[in-house]
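Here's the structure we're looking at; comments come further down.
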Amino acid sequence: MNSDTLKGLQALRGLAALSVMFFHFRWNINDVWPGMGDKLFGWGATGVDLFFLISGFVITLTAKKSAPDFTGSFNFLKRRALRIAPAYYIIFLITFFLSGAMSTFHYPDKTQNFISALFFQPIYPDHGPFYVDDSGMYGIRWSLNYEIYFYLIIGILMITPFRWLTTCLYFSLTLVGLPIMAEKGFSFSAEGYHTDSAFFGLITNPIIFLFLAGMLVGHTYPIIKRLNGTIMSILLICSLALAFVMFCDGRFISHGLLSSGWIYLLIMIFTIGSEKKIGKFTPSFLVRLGDISFSLYLVHTLMNAGIGKRLEKFGIENGPERFFLSCVLSLVLAWLSWRFIEAPFLNKKKHNAKKSESTGPTF
């Protein structure tokens, strides 16, 4: 753990992954106590919105440290690739073998789903914001389609003159201009616009405003970290209480900036602002949870299908026991993935980063 890491934000990343995991395992509780799993964890899918906000923040700080030329762009994209590709493709391969392996290619829909997952390709135009089979074995990748798209665009725009202005113009065109020109109107709804093209749906989907909001926080980070830590800590507690009340009441539990996004945006800002005051008190297990959050996000869906089917052979029935065991196994496998897949590549990335001067927190 680098001393420059924002521990509070790292903990938020871990909690976001945990909430998504609970959301996908809630059906075990519903089987015994109908509706209880939904009541407890129906909001959990919104953890993806927090991921997007944090990604926008991190991308901005990383891009600021990158030279505005082809070398800087290449290094930026390489670092992002090292962050995502190794763990994703190894877990993707494991998922493939646990979900039928070569028999997958006997079914056109499964084959299409496999190819889509292999190349981060959206395929279903009227299924926003996912544009893939989000209930399938590779369904969790829908959010990575946005991540990859965003990384590529920022990496390309880094080599343009006035790159931040160019970035604003690009997303103004794709998120506002294109929908209006296509006579789709304008909306903040994450369901997106009805279209015949899944790719058009993805690049115009308003859920991307979450990345942009995170980027705006990244640009104002030097100001935020100078704010009064005590006041920001109080506001953080208030924002967490607000989220608890709203989510328990079933409000703002959809994707998008005007749904759960604005609540998470407040929590993220206040977490960053209170870092110097309470960051050192962040429990180490939450920081470690943030470390393994990407692997946890990828690996936990195996508990509902690939590995989950095998649990039934051991007499583990659907219910709270399977919910608990699925959570524990997911955390263990996520730690193993982080330790033996992610960490070696991240260490390589940090080693290469030493060649340039660090000007902000690391992630």
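The values are calculated or read from the model by the stated rules, or taken from the named source; none is laboratory data. The structure displayed is predicted, hence computed values, not measured ones. FYI the Cβ positions are ideal-geometry reconstructions off the backbone, even for glycines, and counts take in every protein chain you see.
Filter the stretch 84-128 for residues that are of a type in the set (S, T, N, Q) and not in a helix (DSSP H, G or I); which is farthest from PHE150 (Cα to Cα)? Among those that are of a type in the set (S, T, N, Q) and not in a helix (DSSP H, G or I), it is SER99.
For the stretch 43-71, the candidate set comprises residues that are within 28 Å of GLY290 (Cβ to Cβ), in contact with a helix residue (DSSP H, G or I) (Cβ under 7 Å, 6 or more places away or on another chain) and not in a helix (DSSP H, G or I); within that set, the residue that is modelled with the lowest pLDDT is SER66. Scanning the stretch 81-132 for residues that are modelled with pLDDT of 90 or more and small (Gly, Ala, Ser) turns up ALA81, ALA85, ALA87, SER116, ALA117, GLY128.
When the stretch 134-166 is examined, which residues are found to be more than 28 Å from LEU298 (Cβ to Cβ), in a helix (DSSP H, G or I) and not aliphatic (A, V, I, L, M)? Listed by number, the residues that qualify are ARG163, TRP164, THR166.
Each row is one residue, and each column tells you yes or no for (1) within 19 Å of VAL299 (Cα to Cα); (2) of a type in the set (A, V, I, L, M, F, W, C).
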position: ILE59; (1), (2): no, yes
position: LYS65; (1), (2): no, no
position: PHE70; (1), (2): no, yes
position: PHE74; (1), (2): no, yes
position: LEU82; (1), (2): yes, yes
position: ILE91; (1), (2): yes, yes
position: SER116; (1), (2): yes, no
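Tell me, yes or no, whether the stretch 27-41 has at least one residue that is part of a helix (DSSP H, G or I), buried (at least 22 other Cβ atoms within 10 Å of the Cβ) and among the acidic types (Asp, Glu). No.
Checking LEU266 against (1) buried (at least 20 other Cβ atoms within 10 Å of the Cβ); (2) without any contact (Cβ under 8 Å) to a residue 40 or more places away in the chain, which test does it fail? Only one criterion in (1) buried (at least 20 other Cβ atoms within 10 Å of the Cβ); (2) without any contact (Cβ under 8 Å) to a residue 40 or more places away in the chain is unmet by LEU266, namely (1). Being surrounded by fewer than 16 Cβ atoms within 10 Å (Cβ to Cβ) and farther than 29 Å from SER189 by Cβ holds for only one residue in PHE114, PHE162, and it is PHE162.
So that you can scan it fast, the table gives a plain yes or no per residue for (1) more than 15 Å from the chain's Cα centre (by Cα); (2) closer than 20 Å to GLY218 by Cα:
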position: ALA45; (1), (2): no, no
position: SER55; (1), (2): no, yes
position: VAL58; (1), (2): no, yes
position: ALA63; (1), (2): yes, yes
position: SER66; (1), (2): yes, yes
position: PHE76; (1), (2): yes, yes
position: LEU82; (1), (2): yes, no
position: TYR89; (1), (2): yes, no
position: PHE92; (1), (2): yes, no
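This table checks each residue for (1) of a type in the set (A, V, I, L, M); (2) under 23 Å from the mean Cα position of the chain (by Cα); (3) surrounded by fewer than 16 Cβ atoms within 10 Å (Cβ to Cβ).
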site	(1), (2), (3)
GLY214	no, yes, no
GLY218	no, yes, no
PRO222	no, no, yes
ARG226	no, no, yes
MET232	yes, no, no
CYS238	no, no, yes
VAL245	yes, no, yes
CYS248	no, yes, yes
ARG251	no, yes, yes
